[in-house]
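A quick write-up on the structure given underneath.
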């Protein structure tokens, strides 16, 4: 329950950041990223407690080249991440 309260303080009413083209949210112990613009999630502060509970990052609907550019930021922002998954991602090669 305290993680939900922390996220509400950081992001307003909920843990979701939305634009017309992207979405990033922490759902349980998983950071869900939808669209390449959601990769901006690695440039914002999630708070120590929220970042510490994430152990999986799931990428949806983006180019692998965009994901590759931010791989080094994953360990910095979310130190407990041990799994990354990609769904419906493509590569230009």
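Computed from the coordinates by the stated procedures, all read-outs in this text should not be read as laboratory data. In this text the structure is predicted, and so the values were computed from the model without any measurement. Glycine also receives a Cβ, built like all others from the backbone with ideal geometry; neighbour counts cover every protein chain displayed.
Points worth noting:
- Tensor-based shape of segment 45-93 (alpha-carbon gyration tensor, a/c under 1.5 rounded, otherwise prolate or oblate): prolate
- Approximate spin-label separation residue 29-residue 89, in nm, with each point projected 7 Å along Cα-to-Cβ: 2.0
- Maximal additional length on extending the residue 64-residue 43 stretch stands at 5.7 nm, based on 0.36 nm per residue less the C-alpha distance.
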